[in-house]
Amino acid sequence: MSQPSLDVDRLQRIRDAFARVPYAHLIGLEIGEMSDGVATVNLKVRDQHKQNLGVVHGGAIASLIDTASAFAVVTQLEPNEQVTTTDLTIHYLRPITDGSLSAKARVIRRGRRLFVIQVEVTNDQQLLLATAVTGYIKISYKDSAT
């Protein structure tokens, strides 16, 4: 089933928001396809992503997943709305040593304030490498600590 496409203004707002995430640039995340409630974020594996045994560090995979999840939610937000992660559960299925990774995040439950997102991480051969479920909550500046 096809996801509804995003209007040009919303898509540009999402791309602009992604461009303002310094951490994403630091580790080399790249924005991929976007549609309503769905976001794909990509990562080309570099040596800097690996732990001492030559396998991609779990934190790099978690960052890929968390970023894809956030932008899946952002596709469903109004310009003045913000969210933050409430939880993240990852199942690492295979060790990753090289290639390109793709995290496809899909909003599976959208409430008034809470979102639940399902994520699959695959490689160039479409082999499933990790799965995750994560939660996000809408926040306002009044909700955050000062």
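We did not get these values from a lab; they are worked out from the coordinates using the rules stated. In this text, all values refer to a predicted model and were calculated from it rather than measured experimentally. Positions of Cβ are generated from backbone atoms using ideal geometry, with glycine treated the same way; all protein chains shown enter the neighbour counts.
Exactly one residue among T89, T134 is under 15 Å from S69 (Cα atoms), surrounded by fewer than 16 Cβ atoms within 10 Å (Cβ to Cβ) and among the polar types (S, T, N, Q), and that residue is T89. Which numbered condition in (1) without any contact (Cβ under 8 Å) to a residue 60 or more places away in the chain; (2) in a loop (DSSP other than H, G, I, E, B) is the only one that L6 fails? If we test L6 against (1) without any contact (Cβ under 8 Å) to a residue 60 or more places away in the chain; (2) in a loop (DSSP other than H, G, I, E, B), just (1) comes out false. For segment 1-30, the candidate set comprises residues that are out of contact with any strand residue (DSSP E or B) (no Cβ under 6 Å at 6 or more places or on another chain), closer than 19 Å to Q118 by Cα and not small (G, A, S); within that set, the residue that is surrounded by the fewest Cβ atoms within 10 Å (Cβ to Cβ) is M1.
Out of all the residues in segment 57-75, is one or more in contact with a helix residue (DSSP H, G or I) (Cβ under 9 Å, 6 or more places away or on another chain), surrounded by 21 or more Cβ atoms within 10 Å (Cβ to Cβ) and part of a loop (DSSP other than H, G, I, E, B)? Yes: segment 57-75 contains one or more residues that are in contact with a helix residue (DSSP H, G or I) (Cβ under 9 Å, 6 or more places away or on another chain), surrounded by 21 or more Cβ atoms within 10 Å (Cβ to Cβ) and part of a loop (DSSP other than H, G, I, E, B). The set of residues in segment 106-127 that are over 13 Å from I61 (Cα atoms), among the hydrophobic types (A, V, I, L, M, F, W, C) and in a strand (DSSP E or B) comprises V107, I108, L114, F115, V116, I117.
Somewhere in segment 115-130, is a residue surrounded by 16 or more Cβ atoms within 10 Å (Cβ to Cβ) and among the small types (G, A, S)? Scanning segment 115-130 turns up at least one residue that is surrounded by 16 or more Cβ atoms within 10 Å (Cβ to Cβ) and among the small types (G, A, S).
Checked against the criterion of being of a type in the set (D, E, K, R) and in contact (Cβ under 8 Å) with a residue 40 or more places away in the chain, segment 14-26 contains not a single residue that satisfies it.
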